[in-house]
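The values are calculated or read from the model by the stated rules, or taken from the named source; none is laboratory data. What you see is a predicted model, and the numbers here were worked out from it, not measured in a lab. FYI the Cβ positions are ideal-geometry reconstructions off the backbone, even for glycines, and counts take in every protein chain you see. Ligands, DNA and RNA are stripped out before the accessible areas are found, and what is left, the full protein with its side chains, is counted by its heavy atoms. Shrake-Rupley method; radii C 1.70, N 1.55, O 1.52, S 1.80 Å.
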Amino acid sequence: MRRRFSSSSGNGGSGGVVEVIRRTAANGAHKNGKNGSNGNGGNNGGSRNGRSGEEEALVKLMEESQVAGNYAALGESSTNLTPRTVTRVLRELTSSSLALRFFRWSQQQPRFLHNTFTWNTLLAAMVRAGSHNQALQLFRENPCQLPASSVTYNVLIRGFCNASDLDAAFSLLREMDVEGMQCNDRTTSIILQGLCRCGRVAQALEHFDASLELAHAQPDVVSYTTLINGLCKLGRVDAAFDLFRKMVAAGGCRPNAFTYNALVDGLCKQDRLDAARAVITEARKRDFAPDVVTYNTLMAALFQLGRVDEALATFTQMTEEGYVPTLVSFNAIITGLCRARRLADALEVFNEMIDRDFHPNLVTYSVVIDGLCKSDQLDEAQQLLDRMVSEGCRPDLVAYTPLVLGFSAAGRLDSALGLLRRMVSQGCIPDVVTYTVVIDKLCKVGRVDDAHEIFRELVANKCSPNVVTYSALIGGYCRASRVDEGGKVMREMACRPNVVTYNTMIWGLSMVDRNEEAYGMFREMSECGFVPDARTYRGLKRALRMIDQPPHVLTGA
């Protein structure tokens with residue numbers, strides 16, 4: 001068992017939640033796990049994924065041959081091939097080149113002929129591996145001289161839709177029509193999924209309406225659900241509901257769990273929790289019980305609204321109905337508890353999750369690290385980050401940034417710099433906000449040279465500094481009485497200075513008795529359309545006395 005994580009927060013009061021989680025371990029069959037046993041489940045002499053020993057051997061032989069770069073062993077195989085065997089092997093191969101090699105090898109075997117089923121499965125394997133262009137080229141070559149079918153075109157269209165190449169997908173759709181093939185409900189759902197994935201929901205709706213006019217391509221539940229989900233993701237939940245009612249009224253196409261979950265998710269994102277619960281009630285009336293996805297969505301929404309007790313009650317209800325918490329469930333609870341500043345409770349749930357042999361992912365670690373940083377437990381956050389790396393979970397910007405900002409705020413700038421450099425060495429480039437905070441803190445403690453070095457690193461990493469970044473660095477030089485260097489930074493700014501930038505330079509020039517220049521900076525500021533503020537006047541007060549200017553110049557009169 002992996003180590004539990006401890007912090008100075010101690011163990012908190014989420015024991016009730018943890019107890020509910022523990023009780024689920026004693027359940028025999030669970031609704032979201034009854035179809036997925038960790039055991040063999042009576043494989044009748046087969047092997048993993050239900051393959052026969054013969055198919056297993058072929059898959060293993062292909063994979064080992066690819067690793068060795070030598071396929072001579074294939075020639076020694078005495079397997080008696082059937083289309084079913086070839087199809088099942090092709091479905092298991094994850095490399096398009098390997099699938100094509102196996103297809104060609106099987107074509108050369110005595111007494112074996114490919115059919116449309118094996119041909120379509122090869123193209124599907126290539127599409128699944130992201131080789132849709134190669135699949136189309138092979139389709140054009142048609143080495144086995146097999147006729148195309150609507151299934152063939154659907155496979156290719158799906159490949160280009162998945163790659164967001166909708167022009168090519170629609171070209172194949174038109175080709176189907178030219179070849180006299182009718183698109184079916186599967187074709188419609190593939191096109192709709194492609195359009196919605198690209199955010200082209202309006203065009204998807206037009207395509208959907210056109211399909212309603214075709215007797216052979218009536219939309220199925222997948223088509224309806226794709227559109228409902230697409231509308232919800234755009235925030236058009238009411239339009240999604242209209243389509244849902246249209247679906248129900250049409251008859252013959254019943255909503256499924258995915259349909260209801262899309263609606264619940266859309267409503268929750270708009271904080272319409274009562275409406276979401278009404279959808280769940282309607283689903284129950286239609287013999288669709290909410291599943292773990294539904295409950296996770298509701299929990300996350302309730303936590304987002306700060307309704308922690310209701311969220312935890314929803315979790316309890318989920319487990320009492322026999323559903324086992326998933327990683328998403330744990331992440332929702334931990335995120336909600338951290339957001340509610342109940343870090344001790346969140347850590348207790350985190351540890352229970354580990355005890356249950358769940359592997360925390362990037363989301364889990366990032367949320368807990370952020371919670372520790374907000375509770376000023378920076379060393380514990382650093383330990384968790386190191387543990388995260390040791391367990392093979394690579395931190396990203398979201399995981400690193402709270403620690404960098406936390407170390408900076410605590411004045412532990414060397415620790416912040418160390419993390420910055422570690423981020424960059426791992427290809428995780430900090431954003432401009434993170435860089436700016438570190439630069440500002442370095443400048444405020446007199447480490448302006450270190451700050452400028454970080455600024456150069458920022459630019460080298462193609463992260464564009466903003467006016468706040470420049471103003472912080474200029475302020476550092478002015479505090480160090482190095483106003484010429486501050487002025488040089490200002491002249492080289494890649495963005496327009498603002499009032500803060502000018503005020504900083506005016507103050508810096510005044511402090512080193514370069515009062516004429518301070519007044520000149522004030523005039524430039526006014527000519528650029530900036531309105532002086534209280535800090536401008538404070539910076540100029542001494543300069544104006546020294547150069548014997550009357551007070552009314554400050555008004556621009």
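Using Cα centres only, tell me the gap between segment 253-279 and segment 452-491 in whole Å.
Here the two parts' Cα centres lie 50 Å apart.
Arranged from highest to lowest average of other beta-carbon atoms within 10 Å per residue, in what order do the peptides 163-173, 118-128 appear?
Packing proxy ranking, top to bottom: 118-128, 163-173.
Can you bin segment 290-418 into rounded, prolate or oblate? Criterion: square roots of the alpha carbon gyration tensor eigenvalues sorted a ≥ b ≥ c, rounded for a/c under 1.5, prolate for a/b above b/c, oblate for the rest.
It comes out prolate by the Cα gyration axes.
Efficiency by 1/(1 + (r/R0)^6): what FRET value for residue 80 and residue 198, r their Cβ-Cβ distance, R0 = 56 Å, to the nearest 0.05?
According to the calculation, E is roughly 0.75.
Find, among the GluC sites (Glu not before Pro) in segment 477-536, those assigned to loop by DSSP (not H, G, I, E, B) with at most 10 other beta-carbon atoms within 10 angstrom.
492
Just grab the label-to-label distance for residue 178 and residue 326, each label 7 Å out from Cα along the Cβ direction, in nm (one decimal).
4.3 nm
I'd like to compare 342-354, 176-188, 105-117, 402-414: which one has the highest average count of other Cβ atoms within 10 Å, and what's the full order after that?
Taking the mean over residues of other Cβ atoms within 10 Å, the ranking is 342-354, 402-414, 176-188, 105-117.
Does segment 134-213 come out rounded, prolate or oblate by the C-alpha gyration tensor, with a ≥ b ≥ c the root eigenvalues, rounded set by a/c under 1.5 and, if not, prolate when a/b is larger than b/c and oblate if not?
Oblate, because a/c is 1.5 or more while a/b does not exceed b/c.
Quick one: Karplus J couplings for segment 93-99, per residue in order, coefficients 6.51, -1.76, 1.60, θ = phi - 60°, nearest Hz, x for Gly and Pro?
Going residue by residue, I get 7, 8, 9, 5, 5, 5, 4 Hz, with x marking Gly and Pro.
Once you sort the root eigenvalues of the Cα gyration tensor of segment 412-541 as a ≥ b ≥ c, which label holds: rounded (a/c under 1.5), prolate (a/b larger than b/c) or oblate (the other case)?
prolate
To one decimal place, what Kirkwood hydrodynamic radius in Å is obtained for segment 89-140 from all pairs of distinct Cα atoms?
Kirkwood radius, segment 89-140: 10.9 Å.
List the extent of the Cα atoms of segment 346-435 along each of their three principal axes, largest first, rounded to whole Å.
38, 27, 18
In the structure displayed, which of 233/285; 269/441; 441/488 lie more than 30 Å apart, Cα to Cα?
Pairs exceeding 30 Å: 269/441.
I'd like the carbon and sulfur percentage of the solvent accessible area for segment 285-410, probe radius 1.4 Å, heavy atoms only, ligands and nucleic acids excluded.
In segment 285-410, the share of accessible area belonging to carbon and sulfur is 52 percent.
Taking segment 156-297 as the region of interest, what is the percent of Cα-Cα pairs per 5 angstrom bin, listed from the shortest bin to the one with the maximum distance?
2, 10, 19, 22, 17, 14, 9, 4, 2, 0, 0
Which value in Å does the Kirkwood hydrodynamic radius of segment 440-496 take, with 1/r averaged over all unlike C-alpha pairs and then inverted?
11.1 Å
I'd like the distance between the alpha-carbon centres of segment 181-195 and segment 285-301, rounded to an integer number of Å.
Answer, in whole Å: 28.
Can you give the FRET efficiency for residue 112 and residue 445, using 1/(1 + (r/R0)^6), R0 = 60 Å, r = Cβ-Cβ distance, to the nearest 0.05?
In this case the efficiency is close to 0.20.
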